[in-house]
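The values are calculated or read from the model by the stated rules, or taken from the named source; none is laboratory data. From a predicted model like this one, the values you see are computed outputs, not experimental measurements. Ideal geometry is used to build each Cβ from the backbone, glycine not excepted, and the neighbour counts take in all protein chains shown.
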Amino acid sequence: MPRARARKTTVRKTKSAKKEEKNVENESIVEETVEETMNDTDDQKMENQSEDASIDTDANQIEESEHNGFEVQEEDLKEENKVQEEDDDFDEDEMEIKDEINPSESKNETSSNVSDKSSPTSKKDSRNESRRHRHDSQEKEIKDKDYDESYFKRMHKRAMGKFHDPTDKELFTDNIQKNLKNKEMKLIRYEYSASCIVWLIENIDDLAQTRKLIEKIIPEEIEEKYISNRNVCSVLECIMDLVFKKLTREKDFETENSKWIIKWLDSLAKTVIENINPLLTSATDSGDHILILLIEILGGIRTGRHWNRKKLRFVGGEKINLEEIIKEDFALKEIPPQFKHHLKRLTKIVILDSNDKKIKDIIFTRCTNLSQYLLFILRVRYSELCQMVVKKLIEIVFESDDTRDFICQSASGAYIVEILLLVASESRLSKIWTKHIKSNLKPFWQHEISHFIIQRMIDAIKEANLFTDVSQELFPCLEEVFKCNRPAIGVCLAKACRYHQTLQNEFVTAICKAFDCDSSKNKQIDVVSKILFFEHQFQKPTRNRENNYSIWLYGSLMLQHMFYYAKTYKISKSLLALQPYNLIKICIDRSGSHLIESFLNSSTVELKYKSEFVERLLGHYSKLSRDRFGSRILDNILKQSNEDVRSTILEELEEAKRSDRRGDNPRFMRGKGSYHSGSDSHGKRKREFDDFPPKRFRNPFGGDSVGHLNRRDRGPINGRSGRRF
């Protein structure tokens, strides 16, 4: 310790001594310059040459002195830095010694030193260094891009606008093509250059030029880190869409265009399958989009189908036939063998060769659209492989109760299970029912999400034996199903019974029992009213009873299917037992009007019941004619009625028109002959002007009429030929 302190004091003394020497030298330099300037003033009368020489020598001496002063300052700074380093070394040695003696004090001193270092000046220096580093990195990026960003930004903005004429567009296209200069593989990574390339692919009309541009973008040379890049994916999607449309227009796969298109798509499929992990785990949707587009192309499906519940007719009136729905979207009747091979490879990598944890994360959680498209296309293109996929995924879903609840009670997981049931074969479907669903039927239909799986199970059944087994489990608990607010299951059962006629009577009996209408005939007559107004059974009635009721949508859907059963006696009598104001309420309702149409159009409903329905509405047809849904019912009645009934209805409409003071002109209140001559709102005007000659159009500049230049022929200058309207 004494030696260290002595060393520190000697260092500080040498530092102060050098500063004093520096000040003395600077003062001597200043005195010399002052004396020299005084001598110059005394010798002003000397000749010009001697004066110039003396001035030059003085200037040189001053420069040398200043230079010597600066050198001295630099040497002093170096010595000061050395002294500072020695002080730092001494401080470190002292801190080590203090740590050995008293570690707590050393910790406090280190914290104080850290606080001293975090001064405002040090923060500013660190900010400046970070800015310099950021600026240098940006410059490196710009150099690495190897393209003019400002140029492509201007071209992108120009492409989004409008062109003056085709020549302007051609010049713009040539300008971009010249600036690409065989750098397409680099330029597809960046936003503005990628958008310009997409614009070229979409707007070049010449297939040869488009082919040259596409062939320069080689999928095999795309690096793995860029395969999920948003800009790269946008370019690839544009090319895939274009070349697949060109492929669908070819006669066969042996033409020149077909060969190079299949070759390019083959190389792209190889690249995507080899680098599929970044696409599956990408944070953006670009990876999912490019995989779905690739699956559509490999399956020969028209791109951009966007299959959903509505397009797949999950709630439609007809039986769901998934194969026919998918075959409607076929763009290629047959696919090349390379495409089928890539479908198999993709399926093995994503599903068959993956572990259960990865499948749960990707198939049932993250990439549900991808798995949906893959299952649909495998169902129609590779059915054996599809059943292998269904088997493995069903085993994963029902491997434990926790896994089953996690997947089937989530929106994305339940939707994939629905698709699995639709694409499964009859034998596989019966195994799924008996092994997994039958024992857990009640928890399935009680949950707000998993009950959709029961609906798809009913829709997917084709065999009568399997449907009988399912219906025997569901018919006794229909009352609980409706009270639990799961009426869509009843709609699916009613729809399925249209195609399994042996169970129609059992379903009608189960419906009557569910609504407490099976004990006697007097109660059976109220089954339609209880089904249609099910939601308002427990509400208190108001004085205006006619406006108190509203139609239950699911009840209307069930009755629409039931009116097409082989025996419709019970529900027909129950419908006709309603009061006229309730019948009018049904006719002018959105869903109720479809119910009445199914009643009138059904071939199994007897004609006497339809005639009785028409007679029950006499005196109320004016109300139907004023409503858009009621007018549709009135139209249907007038088409199916005979002349006597039609004339009676039209007389009623004519009388209502005369007594109506509001001046309303509904669709069917224009007199007796208005329905036969024309039922649209412009029929009267057309009939009035039938005698006039047709309008003639001319172009004031000659030639054919085009766009906004159409003009009516005004005839002679002094007068008009014909009536202007």
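Given the residues Lys162, Lys153, Lys169, Lys157, which is the only one that is part of a loop (DSSP other than H, G, I, E, B) and more than 16 Å from Cys238 (Cβ to Cβ)? First the steps, then the outcome.
Numbers: Lys153 fails: part of a loop (DSSP other than H, G, I, E, B); Lys169 fails: part of a loop (DSSP other than H, G, I, E, B); Lys157 fails: part of a loop (DSSP other than H, G, I, E, B).
Result: Lys162 is the single residue among Lys162, Lys153, Lys169, Lys157 that is part of a loop (DSSP other than H, G, I, E, B) and more than 16 Å from Cys238 (Cβ to Cβ).
If we keep just the residues of segment 214-230 that are over 12 Å from Trp264 (Cβ atoms) and touching a helix residue (DSSP H, G or I) at 6+ places or on another chain (Cβ under 7 Å), which is surrounded by the fewest Cβ atoms within 10 Å (Cβ to Cβ)? Explain how you work it out, then say what you get.
Filtering segment 214-230 down to residues over 12 Å from Trp264 (Cβ atoms) leaves 221-230.
Add one more test, that the residue is touching a helix residue (DSSP H, G or I) at 6+ places or on another chain (Cβ under 7 Å), and what stays is 221-222, 224, 226-228, 230.
Values: Glu221: 9, Ile222: 20, Glu224: 11, Tyr226: 16, Ile227: 23, Ser228: 21, Arg230: 15.
Among those residues, the one meeting the criterion is Glu221.
If you go through segment 473-523, how many residues are without any contact (Cβ under 8 Å) to a residue 40 or more places away in the chain, farther than 19 Å from Phe444 by Cα and not hydrophobic (A, V, I, L, M, F, W, C)?
Residues in segment 473-523 being without any contact (Cβ under 8 Å) to a residue 40 or more places away in the chain, farther than 19 Å from Phe444 by Cα and not hydrophobic (A, V, I, L, M, F, W, C): 12 in total.
Scan segment 633-657 and report the pairs whose first residue is outside any helix (DSSP H, G or I) and whose second residue is modelled with pLDDT under 90, with Cβ atoms within less than 8 Å and a gap of 6+ or a chain change.
none
Considering segment 273-299 alone, what residues qualify as being touching a residue at least 60 places away in the same chain (Cβ under 8 Å) and aliphatic (A, V, I, L, M)?
Ile273, Ile276, Leu280, Leu291, Ile292, Ile295, Leu298, listed by residue number.
State which residue is surrounded by the fewest Cβ atoms within 10 Å (Cβ to Cβ) when the search covers only segment 463-521 and only residues that are in a loop (DSSP other than H, G, I, E, B) and of a type in the set (Lys, Arg). Don't jump to the end; show me each part of the working.
At the first step, the residues of segment 463-521 found to be in a loop (DSSP other than H, G, I, E, B) are 463, 484-486, 498-500, 515-520.
So of that shortlist, the ones also of a type in the set (Lys, Arg) come out as 486, 498.
Values: Arg486: 20, Arg498: 17.
So, considering only residues that are in a loop (DSSP other than H, G, I, E, B) and of a type in the set (Lys, Arg), the one surrounded by the fewest Cβ atoms within 10 Å (Cβ to Cβ) is Arg498.
Among the residues of segment 612-632, count how many are farther than 20 Å from Glu655 by Cβ and free of Cβ contacts under 8 Å to residues at least 24 places away in the same chain. Spell out the reasoning first.
Here is the first cut: in segment 612-632, the ones farther than 20 Å from Glu655 by Cβ are 612-613, 628-629, 632.
With the extra rule that they be free of Cβ contacts under 8 Å to residues at least 24 places away in the same chain, the set shrinks to 628.
Selection size over segment 612-632: 1.
Only one of Ile349, Ile363, Ile396 is touching a Lys or Arg at 6+ places or on another chain (Cβ under 9 Å), aliphatic (A, V, I, L, M) and more than 18 Å from Ile301 (Cα to Cα). Can you tell me which?
Details: Ile349 fails: touching a Lys or Arg at 6+ places or on another chain (Cβ under 9 Å); Ile363 fails: touching a Lys or Arg at 6+ places or on another chain (Cβ under 9 Å).
Just a single option satisfies the conditions, and that option is Ile396.
In segment 225-260, what residues are out of contact with any Pro (no Cβ under 6 Å at 6 or more places or on another chain) and farther than 20 Å from Gly300 by Cβ?
To start, the set of residues in segment 225-260 that are out of contact with any Pro (no Cβ under 6 Å at 6 or more places or on another chain) comprises 225-226, 229-252, 254-260.
Passing the criteria: Lys225, Tyr226, Asn229, Arg230, Asn231, Val232, Cys233, Ser234, Val235, Glu256.
Given the condition out of contact with any Phe, Trp or Tyr (no Cβ under 7 Å at 6 or more places or on another chain), assigned to a helix (DSSP H, G or I) and at pLDDT below 90, answer yes or no: does some residue in segment 530-549 qualify? Walk me through how you get there before you give the answer.
Step one: filter segment 530-549 for residues out of contact with any Phe, Trp or Tyr (no Cβ under 7 Å at 6 or more places or on another chain), giving 537-545, 547-548.
Next cut, assigned to a helix (DSSP H, G or I) only: 545, 547.
Filter again for at pLDDT below 90, leaving 545, 547.
Taking every residue of segment 530-549 in turn, at least one turns out to be out of contact with any Phe, Trp or Tyr (no Cβ under 7 Å at 6 or more places or on another chain), assigned to a helix (DSSP H, G or I) and at pLDDT below 90.
Kindly indicate which of Ile197, Ile262, Ile227 is of a type outside the set (S, T, N, Q), at pLDDT 90 or above and closer than 30 Å to Arg158 by Cβ.
Working: Ile262 fails: closer than 30 Å to Arg158 by Cβ; Ile227 fails: at pLDDT 90 or above.
Only one candidate passes the filter, namely Ile197.
Counting only residues that are of a type in the set (Phe, Trp, Tyr) and touching a strand residue (DSSP E or B) at 6+ places or on another chain (Cβ under 9 Å), how many does segment 345-404 have? Give the steps one after another, and end with the answer.
Step one: of segment 345-404, the residues of a type in the set (Phe, Trp, Tyr) are 364, 373, 376, 382, 398.
From what is left, the residues that are touching a strand residue (DSSP E or B) at 6+ places or on another chain (Cβ under 9 Å) are 373, 376.
Of the residues in segment 345-404, 2 are of a type in the set (Phe, Trp, Tyr) and touching a strand residue (DSSP E or B) at 6+ places or on another chain (Cβ under 9 Å).
With the structure loaded, tell me whether Ser371 is of a type in the set (Ser, Thr, Tyr) and part of a loop (DSSP other than H, G, I, E, B) or whether it fails that test. Spell out the reasoning first.
Values: of a type in the set (Ser, Thr, Tyr): yes; part of a loop (DSSP other than H, G, I, E, B): no.
In short, no.
Can you find a residue that is loosely packed, with under 15 Cβ neighbours inside 10 Å and modelled with pLDDT under 90 anywhere in segment 378-394?
No: zero hits.
Please work out if Tyr554 is buried (at least 17 other Cβ atoms within 10 Å of the Cβ) and in contact with a Pro (Cβ under 6 Å, 6 or more places away or on another chain).
Working: buried (at least 17 other Cβ atoms within 10 Å of the Cβ): yes; in contact with a Pro (Cβ under 6 Å, 6 or more places away or on another chain): yes.
Criteria met by Tyr554.
Exactly one condition in (1) buried (at least 18 other Cβ atoms within 10 Å of the Cβ); (2) at pLDDT below 85 is not met by Ile295; state its number.
The failed condition is (2).
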